[in-house]
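Undergrad: Once you've had a glance at the structure underneath, I'll fire off some questions.
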Amino acid sequence: MFRLELNQGLEVRGAFQRLERPIPLRPESNIITLTGEGATARGLLEASVQFISSYPGLPTMWIVDLLAPHAEERRLHLEWSVNEKVALEGAAGAAMLGVRSACLVEDVGMNVLSDSLFQLAIAGVQAGMVIVMGTDPGVRNVPSPMDSRYYASMSGLLGLVAATPQEQKDIVVEAFKLSEESGLPVLIQLSIEVGEQRGSVRLSPLPSSVQSKLSFEKNALRQGQAGGFLSRKNRHLERQALLKYQANRLSFNEVHSNGREKIAVLAVGPAHRYVQEAIQMLPDVEIAVIKIGVFYPLPDEVILPVLHRVEDLLVVEEQDPVVETQVRVMAQKAGRLVRIHGKDDGILPVTGPCSTRRILYALKRLLGSAEPQAPAKADGASRAREALRQMAPPAFHNNCPGCPHSSSLWALKKAMENVGGNFIVTGDNGCMVSESYDLIDARLSLGASVAFAAGMAHLEIPNTKVIAVIGDSGLFHNGVQGVINAANTGADILIYVLDNAGAAATGGQPTPNVGILASGNPTKMVAIAQLARACNVDSVQVIDPYKIPEAQKVIEEALRKPGQRMIVASRECMRMAMETGRAQGRGVIPLYVDQATCNGCTICVEDFHCSAISFANSKASIDPWLCTACGACATICPVNAIHKGKS
């Protein structure tokens with residue numbers, strides 16, 4: 001790994017070191033302010049969890065960072081697993097030994113772990129196990145949004161969701177009790193709406209002892225070695241009645257009704273606070289409210305009594321109409337002809353997060369008082385926002401100043417131009433999405449680019465070379481299998497690995513090639529180049545992306561060769577390096593532009609897209625507060641106008 005001079009000698013670093021304040025184990029008051037993420041972490045501590053595995057993703061990634069400072073004292077195993085499937089399997093192994101465990105993933109990660117999840121739902125667990133599914137309904141930070149709640153019904157597992165940080169902490173603690181009662185894992189959806197929300201949380205005392213007595217029950221039925229599929233399936237179906245009983249007894253379910261209302265609102269988890277605000281704007285209307293903290297199975301004993309006395313029910317939930325569909329089935333089975341509204345009938349939009357305005361408009365439609373064009377009507381605030389939007393300059397999707405990915409992709413772009421011909425470039429998720437110089441032609445999921453590219457290369461498109469671009473995190477996540485397959489099947493591709501020593505897009509969590517555990521302790525490193533050689537690819541080379549001319553030459557040579565070629569562009573994420581450097585009292589000397597030499601070609605601004613460089617009066621200039629002194633701009637300047645040192 002090539003590192004900056006300011007970062008030489010660094011042995012231990014991790015995302016948790018950048019936290020402003022860890023969760024206090026023993027605060028002076030038993031009521032403190034926490035985010036939903038912090039409340040989840042506190043709940044895991046109060047539940048005496050001893051094994052936590054995760055793969056970085058919003059909003060669950062910060063939970064591991066919050067727990068890391070307390071891992072040793074609480075005898076807590078923290079792990080950044082290489083992918084979500086491995087994370088689930090590790091947590092399942094701990095639960096099979098009688099240790100409470102948790103697996104923390106984002107919603108799309110549920111797709112990765114689903115194979116083992118379905119088997120685990122049949123096998124069951126010996127100790128409490130919770131799977132926290134982070135979700136981003138507003139699609140602010142995820143490339144491919146999805147509703148992970150479907151996995152609860154598909155696998156037959158209890159699914160819980162909180163409305164506030166206090167509920168989130170309490171639900172986590174309760175989930176382990178429910179898991180041990182049913183012998184099944186419990187799913188908890190953590191919306192970014194709750195994850196980033198701050199609120200007062202009443203704490204319970206931490207257990208004095210967290211050491212569990214390890215034991216392994218040799219249960220042939222659980223391990224799937226006896227009884228056949230039918231016996232295990234029947235056993236799983238028997239548990240469903242218990243899950244329904246648990247859902248109906250949850251204290252997080254509430255009904256607010258005087259028995260005279262004709263309209264009711266069913267609020268699921270985070271939607272409840274928006275429902276409350278909307279109803280407060282209709283003080284003269286009687287509306288019943290059902291608040292539930294479970295999305296599967298639904299608490300029919302809570303919902304049906306209200307359905308029997310109202311004429312209209314509005315279901316408010318984030319993402320897809322998962323609960324709404326279940327309510328329709330419930331009403332039909334109960335023979336209740338109540339009119340059910342929500343996303344299926346278009347009274348609420350399917351996409352986007354919940355909002356008070358949307359719910360208020362839906363309620364007014366049910367009351368017959370809404371204006372037809374209400375959602376599209378531009379009020380004063382909307383007009384002001386649109387005016388500001390028009391004033392803002394167009395935004396480039398730039399990476400951070402000094403990002404090694406920018407230099408890596410620039411070198412690839414120039415090499416492709418020099419070699420000539422046609423290229424297809426598959427990409428991956430992560431920081432490369434922000435700055436790809438329009439090189440990436442197609443991408444699928446995290447870690448898929450190598451196998452994706454190999455599939456194209458095997459068809460031998462005339463006069464076309466295929467390149468797979470992948471990050472180090474994506475390679476370890478699911479890309480290694482693609483490398484093995486490409487080598488085994490003889491695919492003619494260039495595998496270009498952007499190695500920035502961590503999952504930088506999600507906060508810099510260490511990857512296996514860094515040699516740092518989630519707790520911050522050192523461990524073995526898994527070198528990408530050695531891994532590729534073990535996969536028997538034809539050639540492997542490591543380059544420093546900041547040395548653009550040398551890197552470009554290596555890429556050009558690789559593009560002219562056949563077979564599987566891997567180039568590892570290795571440089572630590574500049575943002576993480578700078579933060580560590582500042583913490584150690586180290587600094588950088590920014591570069592400057594010699595105004596007399598600069599010819600105003602704009603390559604550094606409009607082509608290279610360095611966000612530390614601006615252009616005015618036909619000259620480029622470097623912001624010393626943003627410059628990281630990576631030196632890439634000096635390398636690409638055609639007239640040698642950029643220099644190190646102070647101007």
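The values are calculated or read from the model by the stated rules, or taken from the named source; none is laboratory data. Please read all numbers here as calculations on a predicted model, not as lab measurements. Glycine gets a Cβ as well: all are built from the backbone with ideal geometry, and neighbour counts include every protein chain shown. Please note that ligands, DNA and RNA were not included when accessible areas were found on the heavy atoms of the full protein model with its side chains. Shrake-Rupley method; radii C 1.70, N 1.55, O 1.52, S 1.80 Å.
Undergrad: Quick check, is residue 327 at pLDDT 95 or above and either assigned to a loop (DSSP other than H, G, I, E, B) or within 30 Å of the chain's Cα centre (by Cα) (or both)?
TA: So residue 327 fits the description; yes.
Undergrad: Of the conditions (1) modelled with pLDDT under 80; (2) open to solvent by less than 70 Å² (accessible area, probe 1.4 Å); (3) assigned to a helix (DSSP H, G or I), residue 385 fails just one. Which one is it?
TA: (2)
Undergrad: Would you be able to tell me the number of residues in the stretch 67-95 that are more than 18 Å from the chain's Cα centre (by Cα) and under 15 Å from residue 478 (Cβ atoms)?
TA: Total meeting the criteria: 1.
Undergrad: Where residues in the stretch 40-89 are in a helix (DSSP H, G or I) and among the basic types (Lys, Arg), which of them is nearest to residue 524 (Cα to Cα)?
TA: My answer is 85.
Residues are listed down the side, and each one gets a yes or a no for (1) at pLDDT 95 or above; (2) closer than 15 Å to residue 83 by Cβ:
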site	(1), (2)
485	yes, no
503	no, yes
506	no, yes
521	no, no
525	no, no
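Undergrad: Something else about it: Considering each of 284, 345, 320 in turn, give the residue that is modelled with pLDDT under 95, within 26 Å of residue 182 (Cβ to Cβ) and either out of contact with any helix residue (DSSP H, G or I) (no Cβ under 6 Å at 6 or more places or on another chain) or open to solvent by 10 Å² or more (accessible area, probe 1.4 Å) (or both).
TA: The conditions single out 320.
Undergrad: May I pose another question? Just to check your reading of the model, which residue among 181, 193 is open to solvent by 10 Å² or more (accessible area, probe 1.4 Å) and either of a type in the set (Ser, Thr, Tyr) or under 22 Å from the mean Cα position of the chain (by Cα) (or both)?
TA: Just one listed residue meets the conditions, 193.
Undergrad: On to the next question. Pairs please, first residue from the stretch 308-333 and closer than 19 Å to residue 278 by Cα, second anywhere and open to solvent by 10 Å² or more (accessible area, probe 1.4 Å) and among the hydroxyl-bearing types (Ser, Thr, Tyr), Cβ atoms under 8 Å, 6+ apart in sequence or on different chains.
TA: Qualifying pairs under 8 Å: 316/274.
Undergrad: Considering only the stretch 533-555, how many residues are part of a helix (DSSP H, G or I) and either in contact (Cβ under 8 Å) with a residue 60 or more places away in the chain or not small (Gly, Ala, Ser) (or both)?
TA: Qualifying residue count, the stretch 533-555: 9.
Undergrad: Restricting to the stretch 139-179, what's the tally of residues that are of a type in the set (Val, Ile, Thr), at pLDDT 95 or above and over 26 Å from residue 46 (Cα atoms)?
TA: Total meeting the criteria: 0.
Undergrad: While we're on this one: Determine which single condition residue 346 fails, assuming it passes every other condition in (1) outside any helix (DSSP H, G or I); (2) on the phi < 0 side of the Ramachandran plot.
TA: (2)
Undergrad: To continue, here is another question. Can you pull out the residues in the stretch 12-28 that are open to solvent by less than 60 Å² (accessible area, probe 1.4 Å), in a loop (DSSP other than H, G, I, E, B) and either modelled with pLDDT of 50 or more or among the hydrophobic types (A, V, I, L, M, F, W, C) (or both)?
TA: Across the stretch 12-28, the qualifying residues are 12, 19, 22, 23, 24, 25, 27.
Undergrad: Looking at 369, 355 in this structure, which one is open to solvent by 20 Å² or more (accessible area, probe 1.4 Å), in contact with a helix residue (DSSP H, G or I) (Cβ under 8 Å, 6 or more places away or on another chain) and either closer than 18 Å to residue 137 by Cβ or at pLDDT below 95 (or both)?
TA: Just a single option satisfies the conditions, and that option is 355.
Undergrad: Output yes when any residue across the stretch 238-259 is of a type outside the set (A, V, I, L, M, F, W, C), at pLDDT below 95, under 20 Å from residue 306 (Cβ atoms) and open to solvent by less than 30 Å² (accessible area, probe 1.4 Å), and no when none is.
TA: no
Undergrad: When the residues of the stretch 443-467 are filtered to those that are in contact (Cβ under 8 Å) with a residue 40 or more places away in the chain and not aliphatic (A, V, I, L, M), which remaining residue is least open to solvent (accessible area, probe 1.4 Å)?
TA: Across the stretch 443-467, the extreme among qualifying residues is 447.
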